[in-house]
1. Positive end of the dipole of the range 258-323, charges at C-beta (+1 Lys, Arg; -1 Asp, Glu), about the Cα centre: which of Tyr297, Ile284, Leu271 has its Cα farthest in that direction?
2. Are there GluC sites (Glu not before Pro) in the range 276-321 that DSSP marks as loop and that have at most 12 other Cβ atoms within 10 Å, and which are they?
3. Hey, if we sort Arg67, Arg275, Arg287 by accessible area with the 1.4 Å probe, largest down, what's the order?
4. Rank these by accessible area, largest first, 1.4 Å probe: Tyr65, Tyr44, Tyr391.
5. What do you reckon, how do Lys386, Lys354 stack up by accessible area (1.4 Å probe), largest on top?
6. Let's see if you can work this out: charge +1 on each Lys and Arg Cβ, -1 on each Asp and Glu Cβ, no other charges. What is the dipole magnitude of the chain about its Cα centre, in debye to the nearest 20?
7. Leaving ligands, DNA and RNA out of it, work out the accessible area of Lys278 with a 1.4 Å probe and give it in Å² to the nearest 10.
8. Return a whole-number percent for the relative contact order of the chain, with Cα pairs under 8 Å and 6 or more residues apart as the contact set.
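The values are calculated or read from the model by the stated rules, or taken from the named source; none is laboratory data. What you see is a predicted model; the values in this text were computed from it and never measured. Please note: Cβ atoms are built from the backbone with ideal geometry, for glycine as well, and neighbour counts cover all protein chains shown. Just so you know, the surface numbers come from the protein's heavy atoms only, side chains and all, with ligands and any DNA or RNA stripped out. Shrake-Rupley method; radii C 1.70, N 1.55, O 1.52, S 1.80 Å.
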Amino acid sequence: IEPVSLMSPALIGGFFPTSKIPAWLQGTLLRNGPGMHTVGDTRYNHWFDGLALLHSFTIRDGEVYYRSKYLRSDTYIANIEANRIVVSEFGTMAYPDPCKNIFSKAFSYLSHTIPDFTDNCLINIMRCGEDFYATTETNYIRKINPQTLETLEKVDYRKYVAVNLATSHPHYDAAGNVLNVGTSIVDKGKTKYVIFKIPATVRGGRKEGRSPLKDTEVFCSIAARSLLSPSYYHSFGVTENYIIFLEQPFKLDILKMATAYIRGVSWASCLAFHREDKTHVHIIDRRTRKPVLTKYYTDPMVVFHHVNAYEEDGCLLFDVIAYEDSSLYQLFYLANLNKDFEENSRLTSMPTLKRFALPLHVDKNAEVGSNLIKLSSTTARALKEKDDQVYCQSELLYEGLELPRINYAHNGKPYRYVFAAGVQWSPIPTKIIKYDILTKSSLAWGEAHCWPAEPLFVPTPGAKDEDDGIILSAIVSTDPQKPPFLLVLEARTFTELARASVDVEMHLDIHGLFIPDAGWDPGKQAPSQEEPTPRT
């Protein structure tokens with residue numbers, strides 16, 4: 001590992017006055033995403049199926065060190081040893097023995113009805129106490145060494161909580177406790193969404209070899225509206241006192257999934273958007289660990305990323321990136337990712353930053369059809385309907401955002417700024433956007449032939465202002481003459497401070513986190529509220 005060159009932007013065509021990384025910025029930006037899509041003569045069908053590639057930028061004393069390594073998952077090892085794809089991914093069904101006839105496949109059918117999913121953890125990095133895990137959306141996570149990127153033990157959530165699927169976007173409280181959501185498929189005759197909590201520390205102190213995962217507890221569960229068609233979801237929202245879960249009409253057909261192996265189709269083919277259905281909004285009270293009784297719903301939509309949520313004057317406000325359909329997933333099939341992708345790939349729905357407002361207490365005397373939201377801070381509406389249902393209409397804040405991040409010290413609290421990748425009708429990001437919710441204004445960074453990854457905010461130590469800090473983003477170059485680089489922006493003004501050029505082929509990644517060096521507090525990367533005290 002050698003330090004990569006810290007290049008002045010002026011040397012590669014920019015016009016910026018400085019090229020200096022702030023002295024206080026010490027730590028490692030750890031990223032995850034798909035890196036290998038071909039094994040031997042076989043090829044994955046979907047970009048999100050690729051074998052996980054971890055990479056990191058370690059920033060120390062003004063120098064940047066780059067490292068990358070494939071996650072040595074059981075999936076990776078099996079595929080490499082066979083020199084072909086032998087483990088199924090969500091968009092690619094694989095068979096260990098391609099010579100099997102239909103009768104042989106039938107014998108394997110029963111073991112694939114509720115499949116043993118892949119441990120190809122390519123989506124995000126989760127911190128759990130002192131440990132770090134590469135995560136995906138199955139029941140498996142892989143512990144990793146964040147310094148060396150070495151792959152360590154394989155963890156099955158099912159040993160600690162009954163879930164077959166789980167998000168890669170957990171939330172953290174100030175103590176470092178992890179809150180996440182998973183789906184339990186037809187367990188004891190029920191399909192439900194399980195909210196579970198992993199403590200940051202082991203009860204009685206950290207004993208040798210004991211993981212906080214062993215103390216995982218079910219926080220709450222929500223019965224799925226359909227036993228055999230649970231909703232797909234990628235994230236959820238939290239406030240100081242509530243959890244927001246969207247049961248959206250983007251559904252996984254369990255019966256189709258149970259027969260996918262024998263039919264020779266992928267699990268992705270079992271996902272469908274039902275535009276005739278509603279999006280149901282479930283609110284969990286974190287103090288009682290029970291659902292709020294009011295039934296909230298909104299129009300059909302697909303949400304991958306919650307941005308933030310908070311409480312204001314008896315209302316719950318939450319912001320999401322919403323689509324009107326599921327076309328985003330379809331565009332990432334590799335058959336569509338050709339040289340004309342940027343020109344020809346068109347989303348049929350633009351990702352839109354929307355704000356919803358829900359009344360936490362509904363006036364029973366309010367007229368049917370009346371707007372229950374009286375806040376001056378939003379134009380979002382919540383209309384009272386019969387049978388105590390509430391129909392929520394969103395406020396459109398901004399069009400063309402994805403991969404949103406915030407100053408996480410404001411997670412679950414009132415906030416002002418969203419940092420995100422700028423996209424329009426194509427799903428490939430071309431800019432980094434800072435959106436000001438208060439003034440409805442924005443700043444942008446962009447450069448020709450550059451694809452920015454998710455922008456990650458790192459607060460200045462001791463910062464008082466929400467946008468006092470640094471934005472880090474790994475930039476992929478589509479120009480063979482321009483190397484990829486780590487971009488360092490001043491978050492307040494979006495002025496470029498520095499870029500560290502990497503003389504390797506770098507892949508567009510998905511998600512990640514920043515790990516500050518030991519002994520340095522970056523001003524809290526976790527929300528400041530503690531877990532609310534349970535009440536009866």
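1. Leu271
2. Numbers: sites: Glu276, Glu311, Glu312; in loops: Glu276.
Of the GluC sites (Glu not before Pro), the ones in loops of the range 276-321 whose Cβ has at most 12 other Cβ atoms within 10 Å are Glu276.
3. Details: Arg67 75, Arg275 150, Arg287 50 Å².
Ranked from most to least accessible, the order is Arg275, Arg67, Arg287.
4. Numbers: Tyr65 65, Tyr44 5, Tyr391 40 Å².
Ranked list, largest accessible area first: Tyr65, Tyr391, Tyr44.
5. Lys386, Lys354
6. Values: 57 positive and 63 negative charges, 267 e Å.
Roughly 1280 debye for the chain.
7. Accessible area of Lys278: about 80 Å².
8. Values: 1342 pairs, mean separation 73.0, N = 536.
After rounding, I find 14 percent.
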